[in-house]
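Every number in this text was worked out from the coordinates using simple rules, so none of it is lab data. Predicted model, so just to flag it, every value in this text is computed and none were measured. Note that each Cβ is placed from the backbone with ideal geometry, even for glycine, and that neighbours are counted across all protein chains shown.
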Number of protein chains: 2
Amino acid sequence: MSRKWNFYAGPSTLPLEVLTELRDTMVDYHNEGLSLIETSHRSPEYDAVHYQAMDLVRELLEVPANYKILFLGGGATLQFAMVPLNLLTGDKICDYALTGSWAKSAYKDAAKLGQARAAFDGSPSGFTTLPVNGGGSGPALEASPSSSYLHITSNETIGGLQYKTWPVPAQGSQVPLVADMSSDIMSRKIPVEKFGLIYGGAQKNLGPAGVTLVIIREDLLERSPESLPAYLSYRVHGEKDSLYNTPPVFALYGVKLVLEWLKKNGGLAAAQERNEEKAGLIYGRIDRYPEIYRCPVEKAARSLMNIVFTLDTPEREKEFLGGAGERGMLGLKGHRSVGGCRASVYNGMPLAGARALADYMDDFAAKGGKT
Amino acid sequence: MSRKWNFYAGPSTLPLEVLTELRDTMVDYHNEGLSLIETSHRSPEYDAVHYQAMDLVRELLEVPANYKILFLGGGATLQFAMVPLNLLTGDKICDYALTGSWAKSAYKDAAKLGQARAAFDGSPSGFTTLPVNGGGSGPALEASPSSSYLHITSNETIGGLQYKTWPVPAQGSQVPLVADMSSDIMSRKIPVEKFGLIYGGAQKNLGPAGVTLVIIREDLLERSPESLPAYLSYRVHGEKDSLYNTPPVFALYGVKLVLEWLKKNGGLAAAQERNEEKAGLIYGRIDRYPEIYRCPVEKAARSLMNIVFTLDTPEREKEFLGGAGERGMLGLKGHRSVGGCRASVYNGMPLAGARALADYMDDFAAKGGKT
């Protein structure tokens, strides 16, 4: 079977050379006489992978020296809990920008642990807009001065929105900006110094599912209450460089290989250019054929990662998806909660894959919405 | 490089045919045109793996129908927190059997969340004994009637102790027995119906690091407080069959393959026989040469998984470990907290590996403690 163009939203397509390396080292890792996944996490072999992955994150994202890089389990969903558990102070007030499904999930957990406020609510627009200081047309997002932190979701995987600028708390404000970047981390350059904490599951742009990247400003580690159980404390993981307990070895190794691949291919500036070109091809077709395709998201807030579009009837969507399948493209069905179509074009998606989809969208439109 | 005999305590050796299958499916999974680790966790391909792993756990361990099987991230260390977070009720009293390092870690987290009691304390013996109703010579373990649960550690990976019988709470008692079985789950038959909850990280007997197995009696799911954040709630995971969020796909696939391998090789009765034979070979040498090797653990409580032994001086231990390395055996150094030697002989260790170590122990002893 030849390789498919894989538009899944996550887990998602990985660079072929990363998969090849994972395959070639699976039984015998670097002539060590065993697999890396059989190797103690206290061994020099694993240590090298662990710290190389950490160093590559620091280098590629230009993470300042006063930030710790952590690798944790449990996915971004565990971070929905860990962020408030660790960062809430005083009256436990925190601000959330409700921009879609994922922001709402994070908010829901925070509301169980503190006084979570909706500092922005995208529901009037059906979650198709972002705050004006996030690059959209909605009301500005600002944290209240008494807030423990301001939480945003940099890219909404289901809704297809992505921040273009960063709603940094007002000058003089001590409120740290916290971002769930699960679906766009490492897809573009970001000013890490503007954030207090960044987190993201690996399974979109970074590697296989099973590990979550957390980047936290060191002064915030001091907020972790002593009363927290060990695994839930950022401070504990920070003190042990994420080796407090057995890390998810394979997922971390996959992340290391993806980061090496990113570096070799020009780092994040080049990744961003590729991602803009890929998304541009597909949005270009949506805009060229408004009678066939429609993107519900306001233009300024469109995601470069998850391109959401609808066709005029469910039957036509089915026809479109069926034709895509015949052309070796999969994962184009929209999230079950919203329907429609979605093309996820993360770092691992080659330009040729985006072009194949754009060509198909041309053909489908030329045939008046038929395959 | 030929394959080494890998005695690491975890991550640890896996069956060669499992590694081979992981390798052969890494780039293209079952002719699907993509890797399983690139496949959506909402796809039929991943679904099949997920539910097959669950069904195999149920079949091999003979898990009764009123138990849920969960696969979570974060390792057993996260379970140290989740057990009390979910199971504590009323006055938040819970009982822990302190039998070694891992039991103490679990206890420490529980003490942050409730009134944790040391229902057994192995420290007078230097953690070389187990309770009499666990198969050892120490005082009997019994939960107080007001306890939310009684927690044991079925196998102490560092100390090398393993329960042989189960200290089931007194008849009529409603106190559920909770067991951390991280380092011996699936290595022998166990009466699941005697437990309220069993958990274990995969990376010893079950598969690659990155996933934790939890088996929970369904009535206990109702204890999960509504106030818990989603990822920390057993009830949430139970309701969604561990698909509430993206599972650690690769680790779960590895577990599925190991379980299939176990089934094909006679299930848990046969695994137990193999494990007894392997451990018997090594303990046999320890007992045969008391002037050379010494096992600190009382005989009745010796672990079949982690065989801990010392030599009379650090220099002789170094010589022993060096000679083992020359014979292609690795991971025999004891845990950094206790020193000495440790041979971990989990499910994945072939009989030939244990025999190679036993032969070397013969030679080393025959040469009067030299290589």
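Sorted from closest to farthest, the other copies place their residue B:265 label points 3.9 nm away, with each point set 7 Å from Cα along Cα→Cβ.
The Cβ shell under 13 Å around residue B:227 holds other residues with a net charge of +2, Lys and Arg each +1, Asp and Glu each -1. Mean residue ellipticity at 222 nm, helices only, the protein assembly as shown: -11000 deg cm²/dmol; runs of at least 4 DSSP H residues each add -39,500 (n - 2.57), and the sum is divided by the number of residues. Where a ≥ b ≥ c are the square roots of the eigenvalues of the C-alpha gyration tensor, would you call the stretch B:180-237 rounded, which needs a/c under 1.5, or, failing that, prolate if a/b is larger than b/c, or oblate? In terms of gyration-tensor shape, oblate. Distance from the Cα centroid of the stretch A:248-301 to that of the stretch A:201-238 is 26 Å (rounded to whole angstrom). Taking GluC sites (Glu not before Pro) across the stretch A:200-305, the ones in a DSSP loop with at most 14 further Cβ atoms lying within 10 angstrom of their Cβ are A:222, A:226, A:291. Other residues within the sphere of radius under 11 Å centred on the Cβ of residue A:99, judged by their own Cβ, net out at -2 (K and R +1, D and E -1). Counting from the shortest, the label point at residue A:47, 7 Å from Cα toward Cβ, is 4.6 nm from the same position in each remaining copy.
Take every pair of alpha-carbon atoms less than 8 Å apart whose residues are at least six positions apart; their mean separation over the length of chain A yields a relative contact order of 22 percent.
Think of each Lys and Arg Cβ as +1 and each Asp and Glu Cβ as -1; about the Cα centre, that makes the dipole of the protein assembly as shown roughly 100 debye. Ordered by the number of other Cβ atoms lying within 10 Å of each residue's own Cβ, fewest first, B:315, A:62 fall into the sequence B:315, A:62. For the stretch A:266-366, the square roots a ≥ b ≥ c of the C-alpha gyration tensor eigenvalues yield an a/c of 1.5 or more together with a/b exceeding b/c, which makes the shape prolate. I'd like the antiparallel share, as a percent to the nearest 5, of DSSP beta bridges with both residues in chain B. For chain B, the DSSP antiparallel bridge percentage is about 55. Shielding value for B:22-35 is 6, the average number of Cβ atoms from other chains within 10 Å of each residue's Cβ. Pairs exceeding 22 Å between alpha-carbon atoms, taken from A:194/A:264; A:189/A:263; B:204/B:264; A:68/A:92; A:104/B:240: A:194/A:264; A:68/A:92.
Positive-end ranking of B:81, B:18, B:37 along the dipole of the stretch B:1-111, with charges on Cβ about the Cα centre, is headed by B:81. Taking the stretch B:194-214 and a reference point 7 angstrom along Cα→Cβ of residue B:58, the backbone N atoms nearer than 16 Å belong to B:214. Under the simplified labelling scheme, the residue B:294-residue B:108 pair shows an inter-label distance of 2.8 nm, with each label point 7 Å from Cα along Cα→Cβ. Simple rule: put +1 on each Lys or Arg Cβ and -1 on each Asp or Glu Cβ in the stretch B:266-366, find the dipole, and look at B:290, B:325, B:348; the Cα lying farthest toward the positive end is B:348.
Note on A:125, B:123: ascending count of other Cβ atoms within 10 Å places them as B:123, A:125, the fewest first.
The shape of the protein assembly as shown comes out prolate: with a ≥ b ≥ c from the C-alpha gyration tensor, a/c is at least 1.5 and a/b beats b/c. Each of A:206, A:16, B:330 has some number of other Cβ atoms within 10 Å of its Cβ, and from fewest to most they run A:16, B:330, A:206.
Approximating the spin labels as points 7 Å out from Cα along Cα→Cβ, the residue A:359-to-residue A:241 distance works out to 4.8 nm.
Taking the average, over residues, of other Cβ atoms within 10 Å as the packing measure, peptides A:142-150, A:282-290 rank A:142-150, A:282-290 from highest down.
Annotation for the stretch A:354-371 versus the stretch A:1-68: alpha-carbon center distance of 36 Å. Where does the charge balance sit around residue A:81 when Lys and Arg score +1, Asp and Glu -1, over other residues with C-beta under 12 Å from its C-beta? Net charge around residue A:81: +1.
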